[in-house]
1. Hey, rough spin-label estimate for GLU368 and ASP136, points 7 angstrom out along Cα→Cβ, what's it come to in nanometres?
2. Mind giving me the FRET efficiency for ASP124 and ARG519? R0 is 60 Å, r the Cβ-Cβ distance, nearest 0.05 is fine.
3. Tell me, what is the FRET efficiency for SER505 and ALA211 to the nearest 0.05, using R0 = 45 angstrom and their Cβ-Cβ distance as r?
4. DSSP loop (so not H, G, I, E, B), at most 13 other Cβ within 10 Å: list which GluC sites (Glu not before Pro) in region 436-500 pass both filters.
5. Pop a pseudo-label 7 angstrom from the Cα along the beta-carbon direction at both GLU243 and GLU406 and give the gap in nm to one decimal.
6. Order of 218-230, 499-511, 257-269 by packing, highest average Cβ count within 10 Å first?
7. Just order 338-351, 311-324 by mean Cβ neighbour count inside 10 Å, highest at the front, would you?
8. Taking region 161-246 as the region of interest, what is the percent of Cα-Cα pairs per 5 angstrom bin, listed from the shortest bin to the one with the maximum distance?
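Rule-based calculations on the coordinates, nothing more; no lab input. Everything numeric here is computed off the predicted structure, so don't read it as measured data. Please note: Cβ atoms are built from the backbone with ideal geometry, for glycine as well, and neighbour counts cover all protein chains shown.
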Amino acid sequence: IILKAIDKDREQRYQGVNELKADLQRFLLHQPIEASPPTIRRQLTLFARRHRSFMAAAATVAATMVVAVAVSTSFGFTAQAEANARKVEQKRAQDINQFLREMLLLPDPERGEGPDLTVAEMLDHAAAQIDERLDDPMAEAGIHLTVSEAYDALGRFDDAQVHAQAAYDLYRVHAPAGSVEMVEALTALGRCEVRFGRFEEADDLLRDAIARGRRHLTVGHEATRTAMALLARSLAERGQYREARSLYEETLAMQMSVAGEDDPQTLTLKSNYAVFLERTGELDEAERLARELLEQRRRLFGDDHPSTLVSMNNLGGLLRSRGRYQEALAYLEQVVAARREVLPEGHPDTLTAMNNLGIVYQRLGRLEEARELASEVYSERQRMLGPSHVRTLTAGQNLARVMQAEDDLDGAEVLLRELVRVCRAEHGASEPGTLALSGDLGVLLLQRHRTEEAEAILREVFVEGSRVLPPDHWHVAKYETLLAMAMAQGEQFEEAESLMRHAESRLQELVGPGHPQTRYTRRQLVRLYEDLGRPEDAEAFRD
């Protein structure tokens, strides 16, 4: 029923809600269903009945399992050649289906697999069997790609990359350069690089995928759209907002025209675009879109579906950014509880929600709970990703901020210095993550009244940020604000005022008056003018 409902071919899906409802009713009454042959239905029924709790976790990767069975041919052959090609593709699809059924659906007691076998354990077993069980390199590549996507859904990014690379290596030899398969394999490798925070490498792979898709596939092909959406996300992570916006809007227009508003990929793309709008400070539009998405996903999937939880987490994070902490709290606590229940320990989605919730706890003064969550996220990301991954460093940064709020300044300084050292060594002194961590260290030193050391660090951050970041990246104005704060503490008031006024003006231009950084800079201007005994100037910058 699930596979029929999400089939890529519209004609193969249920043609309306009533058809789906009727099939579900037949299923509940143990009657034959329209969606699948009885033999497969029987296998799935037995499996589901034995593993009711398991099925919730399996839903996380279920969508990826269907990819390998959808195989297409786009060559202009003669009628006989087309018939032969269809036979090859049919045999390939049958081989893939048989492999998935045997490896992923039913535990085998002879392999020591009991009724409590996990998704990850079944996937590991399947991954180990690919080379042995399949003699068709194209089918083998398709399975590798599917397994890569499943590992990605489980948060096991190293394993995802291994299988994405295996798929690419096979397709490069056996598939045409402009085929759907090559575009999908390049996109899968690009997704892995995004996961690891290697955005330049991701950009190269994704631009290659997009170029091949535009040149060889039909206009607006799904594989091309997927690569475009992922490139937009990668560009946004690097602060290249203008190109990211253009690509998001182009991809979203394509997606809407081809698949419609309720298509799962449309919803995912709109979700990523809403996060982008939050990042660029367009908070009203971001919130409108986030609420619209949450209602759509609730209507289509229900409250506990992974996609609905993504929307709840994103809306909670947005409300947190807007300072509406009590509203954010209700969403984020629900998301964390639901994800802890159904996802594997240390899953990236759970950690992201925990991170957002921890920040809300900190803002609400619930520092003990904030410290507990921040410590767990940092520990899990160290374990899963290693100490130098960008997400690990960000988790450590958040923990240091909680420690700072608790007035554990010694502990926060030790942690921040270690994070700066690791980030500088692994990613370079001018990498955005290094600049952000160094900026936090400078602010901590200001709090400890070590003004000269703080000023030296913050001046370096501002100079390097101005050099390496795009001209329209708002972090440059943020670092200008931090340097101005150091100048003010050192009683260099004229330069401090000039820097801070310029930073405020740039923030108004780049991200608008509602962005948290714009408000922060305005508060610092108010404080500066109050210290200088200029209440009228201070009043002009009060929110």
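1. Distance between the two pseudo-spin positions: 6.1 nm.
2. 0.80
3. On the way: r = 39 Å, r/R0 = 0.87.
Once the sixth-power term is evaluated, E becomes 0.70.
4. Values: sites: GLU452, GLU453, GLU455, GLU460, GLU464, GLU480, GLU491, GLU494, GLU495, GLU497; in loops: GLU491.
When the GluC sites (Glu not before Pro) of region 436-500 are filtered for loop state and at most 13 Cβ neighbours within 10 Å, GLU491 remain.
5. Here the answer is 4.2 nm between the modelled labels.
6. Numbers: 218-230: 21.2, 499-511: 19.7, 257-269: 15.6.
Highest-to-lowest ranking by the protection proxy: 218-230, 499-511, 257-269.
7. Values: 338-351: 18.4, 311-324: 21.8.
In descending order of packing, they fall as 311-324, 338-351.
8. Calculated over all Cα pairs of region 161-246, the distribution is 3, 18, 26, 25, 17, 8, 3, 0 percent.
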